[in-house]
Amino acid sequence: MKKLVFIFVSVMLLSSWMVVPADQSEEANAKIKAIYIYNFTKYIEWPETYKEGNFVVGVLGTSIPLVNELNKMATSKTVGTQKFEIKSVVSPSECAKCHIVYILSDNSAQLPDVLGKVKGKSALIVTDKSGLATKGSAINFFVDGNKQKIELNKSNIEKYKLKVASTLVEMSVQVK
Amino acid sequence: MLKLRRTLIFGILLLMGFVSNAQQSKVTAAYTFLQQGKLDSAKANIDAAVVHPETIGDGQAWYIRGFVYKTIYNQTEKANKESKIRIEALISFKKSLSIDTAQENVQENIKNIKYLATTLYNDAAASLDTIDYKIAVKNFDIFREYYLLVDPSKENFKRKEIDFANAIATVYTRIYEGDRKGKVDFLNLAKAAYNRALAFDPNNINANYNMGILYYNQAVNLINQSDYDLDIVALNDVQDNSINLFKASLPFMEKAYSLDPNRKETLLGLSGIYFSLNEKEKSNEFKQKLEQIGK
């Protein structure tokens, strides 16, 4: 009788390891942030003079996943009739033209400079480092129980002639 | 009256002897036809013999039937991964083995069962794709049944169970990845298959890593599939569910890491899981290890 051997080759090939794309987790985190940011545009009202032209979101610092995600959002969403414009901001001086300024955690030290540049304007300052909502930021991302949450400083929002809906206030951790 | 009864009994006995001889000669005829290569005739004769009460319990008849069917399989059905002829051959050898009180064909029966079971295993392996996976599962189940019959050493079989479970899990994962919304069942099948591999060997690095990745990807997909319109309350639910999945992924990935601390894929996986759990320090720790290995 002809001897038959077990063929393992195809089995072993199929058992090969699945590989995680390197930035998959960063993309997922950026998606959460983008959903939050889109929510901010629904629950916060800018003055009439800011309702013309593009709705500018400036990102201070380097985060390719976040900028990519915001650009993706910009292709399908608007703020009323305004189209989103996502800008990578290098210097705080560029922040004066933004509706939303998102300061990445690595650039948190630039918050005072940004605050100086947006004085008298209507910009929503969003930060990503514990404690910054008490230091001038309007909305700050923080982590609680592995979850991304937001703390909101109402007076830091209203200071810039922005109106915040009570719904957003209730869904946030309030900071004074 | 008595004479009539005696004649009747004699007649019945004569007929029984004739039938008995006729059945035995059918077995002989089947064997002769087999040797002559006349497989249809061999099959017809042996099929008739094994259903007759006189030879249904004859181990030799069943052995010959197995041999006839095996020869038909080898000559005409080898390309057919779902060959019923092969199954009939296996049934026949098994039957012969169970009733062969004279122990005439024990070794031959075992050898033939092993041979045919091996063809089933190989066909199962060759069917491990997104189209023929059901054939793979069916063939492996039959292979298991018959192989364990002739080689009951569970230890020898363990490796094959693990390899197959890992491989079929990979196939299920591919099907799921092709249509995440429509084929969720396959995600569960993949997890069940990896669990099966891990039940045989909790230290199987492949099953641990891939199970970790399954949960990890499920969590990431949950977030990435969310619409930008999601309100914050719903986003919190998405985050809760994804965190549970990231946490479910962690022990498998940690186990894979403990089994091979220098495997790049595991370090990348752990860095990703901790990043997603917003434990940035731990994430960076694994990222740094990964960079050190890369140097």
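The values are calculated or read from the model by the stated rules, or taken from the named source; none is laboratory data. Every value quoted in this text rests on a predicted model; they were computed, and no experiment measured them. Every residue, glycine as well, gets a Cβ built from its backbone with ideal geometry; the counts of neighbours run over all protein chains shown. Ligands, DNA and RNA are excluded from the accessible area calculation, which covers all protein heavy atoms including side chains. Shrake-Rupley method; radii C 1.70, N 1.55, O 1.52, S 1.80 Å.
Going by the alpha-carbon gyration tensor, a ≥ b ≥ c the square roots of its eigenvalues, is segment B:19-109 rounded (a/c under 1.5) or, if a/c is not under 1.5, prolate (a/b greater than b/c) versus oblate?
Cα axes put segment B:19-109 in the oblate bin.
With every protein chain left in place and a probe of 1.4 Å, what is the accessible surface of B:T76, to the nearest 10 Å²?
100 Å²
Which value, in debye to the nearest 20, gives the size of the charge dipole of segment B:22-130 about its Cα centre, when Lys and Arg are +1 and Asp and Glu are -1 at the Cβ?
140 debye
Suppose R0 equals 51 Å. What FRET efficiency, 1/(1 + (r/R0)^6) with r the Cβ-Cβ distance, do A:S130 and B:D141 give to the nearest 0.05?
Once the sixth-power term is evaluated, E becomes 0.35.
Calculate the spin-label point distance for A:A109 paired with B:L148, positioning each point 7 Å from the Cα along the beta-carbon direction, and give it in nanometres.
Between B:L148 and A:A109, the simple spin-label model gives 6.6 nm.
What number, in percent, do you get for the relative contact order of segment B:152-295 if the mean sequence gap of Cα pairs under 8 Å and at least 6 apart is divided by its residue count?
Relative contact order comes out at 18 percent.
Below 8 Å between Cα atoms, with a sequence gap of 6+, how large is the relative contact order for chain A in percent?
That works out to 18 percent.
Tell me, how many Å apart are the Cα centres for segment A:130-156 and for segment B:157-180?
44 Å
In square angstrom, rounded to the nearest 10, how much accessible surface does B:K255 have for a 1.4 Å probe?
Rounded to the nearest 10, the figure is 70 Å².
If you build a Gaussian network model of chain A, linking Cα atoms that sit under 10 Å apart, which residue out of A:T49, A:T78, A:T134 swings the most?
A:T49
Could you please state how large a percent of the accessible area of segment A:22-174 is carbon and sulfur, counting protein chains only and using a 1.4 Å probe?
It is 47 percent, rounded to a whole number.
Name the residue from A:I86, A:Y102, A:Q148 whose Cα lies farthest towards the positive end of the charge dipole of chain A, charges +1 on Cβ of Lys and Arg and -1 on Cβ of Asp and Glu.
A:Q148
Tell me the Kirkwood hydrodynamic radius of chain B in angstroms, computed as one over the mean inverse distance between distinct C-alpha pairs.
23.6 Å
Sort B:F275, B:F93 by accessible area with a 1.4 Å probe, largest first.
Putting B:F275, B:F93 in descending order of accessible area: B:F275, B:F93.
In µm²/s, what is D for the protein assembly as shown at 20 °C and 1.002 mPa s, where D = kT/(6 pi eta Rh) by Stokes-Einstein and Rh is the Kirkwood radius from Cα pairs?
Translational diffusion coefficient: 77 µm²/s.
So with the 1.4 Å probe, I'd like the accessible area per residue for chain A, rounded to whole Å².
Ligands and nucleic acids excluded, the result is 48 Å² per residue.
How would B:I131, B:I46 line up by accessible area, probe 1.4 Å, largest first?
Descending order: B:I131, B:I46.
A drop of at least 20 square angstrom in accessible area, chain alone versus all protein chains together, probe 1.4 Å. Which residues of segment B:114-130 meet that?
B:Y115, B:T118, B:Y121, B:N122, B:A125, B:L128
Given charges of +1 on the Cβ of Lys and Arg and -1 on the Cβ of Asp and Glu, with all other atoms neutral, how large is the dipole of the protein assembly as shown about its Cα centre, in debye to the nearest 20?
640 debye
Charges on Cβ only, +1 for Lys and Arg, -1 for Asp and Glu, centred on the Cα centroid of chain B; of B:N166, B:N122, B:V150, which one is farthest towards the dipole's positive end?
About the Cα centre, the residue reaching furthest to the positive side is B:V150.
At a threshold of 8 angstrom on Cα-Cα distance, excluding pairs fewer than six apart, so keeping six or more, what relative contact order does chain B reach in percent?
Dividing the mean separation by the residue count of chain B yields 9 percent.
Quick one: net charge of A:I35's neighbours, Cβ under 14 Å, K/R +1, D/E -1?
With Lys, Arg at +1 and Asp, Glu at -1, the net is +1.
For segment B:56-131, which semi-axes, largest first and in whole Å, follow from the square roots of 5 times the eigenvalues of its Cα gyration tensor?
Semi-axes from the Cα gyration tensor: 26, 12, 9 Å.
Efficiency by 1/(1 + (r/R0)^6): what FRET value for B:T28 and B:L259, r their Cβ-Cβ distance, R0 = 60 Å, to the nearest 0.05?
Plugging the Cβ-Cβ distance into 1/(1 + (r/R0)^6) gives 0.50.
Just to confirm the number: angle between the C-alpha axis of helix A:24-43 and the first principal axis of chain A, 0 to 90 degrees, nearest 10?
30 degrees
Helix B:133-150 against the longest principal axis of chain B: what's the angle in degrees, Cα atoms only, rounded to the nearest 10?
60 degrees
Under a Cβ-only charge scheme (Lys and Arg +1, Asp and Glu -1), can you give me the dipole magnitude of chain B about the Cα centre, in debye to the nearest 20?
Dipole magnitude for chain B comes out near 1260 debye.
With a ≥ b ≥ c the root eigenvalues of the C-alpha gyration tensor of segment B:134-178, is it rounded (a/c under 1.5), prolate (a/b larger than b/c) or oblate?
Here segment B:134-178 falls in the oblate category.
First check a/c for segment A:59-149, with a ≥ b ≥ c the square roots of the eigenvalues of its C-alpha gyration tensor; if it is under 1.5, answer rounded, and if not, answer prolate when a/b is larger than b/c or oblate otherwise.
oblate
Need the full-extension length gain, A:D144 to A:T81, defined as separation in residues times 0.36 nm minus the C-alpha distance. One decimal, nm.
19.2 nm
In segment B:209-295, what is the count of Lys pairs whose alpha carbons are under 20 Å apart, counting only pairs at least 8 residues apart or on separate chains?
Lysine pairs meeting both conditions in segment B:209-295 amount to 15.
I need the calculated FRET efficiency for the pair A:T49 and B:V233, taking r as the beta carbon distance and R₀ as 41 Å, to the nearest 0.05.
0.80
Only bridges whose two residues both fall in the protein assembly as shown count here: according to DSSP, what percent of them are antiparallel, nearest 5?
The answer is about 35 percent antiparallel.
List the pairs from A:K87/A:K135; A:K83/B:K181; B:K70/B:K95 whose alpha-carbon separation is above 20 Å, in the order I gave them.
A:K87/A:K135; A:K83/B:K181
Out of the GluC sites (Glu not before Pro) in segment B:18-122, which ones are loop residues according to DSSP with at most 11 other C-beta atoms within 10 Å?
none
How crowded by other chains is A:69-82, given as the mean number of beta carbons from other chains within 10 Å of each beta carbon?
What the average comes to for A:69-82 is 1.
Counting only helical runs of four or more DSSP H residues, what would the 222 nm mean residue ellipticity of the protein assembly as shown come to if each run contributes -39,500 (n - 2.57) and the total is spread over all its residues?
-20500 deg cm²/dmol
Angle, helix A:64-76 long axis vs. longest principal axis of chain A, Cα atoms, 0 to 90°, nearest 10?
With rounding to tens, the tilt is 80 degrees.
Based on alpha-carbon atoms only, what is the radius of gyration of chain A relative to the globular estimate 2.2 N^0.38 Å?
1.38
Hey, can you find the accessible area per residue of chain B for me, probe 1.4 Å, expressed in square angstrom?
Accessible area per residue: 49 Å².
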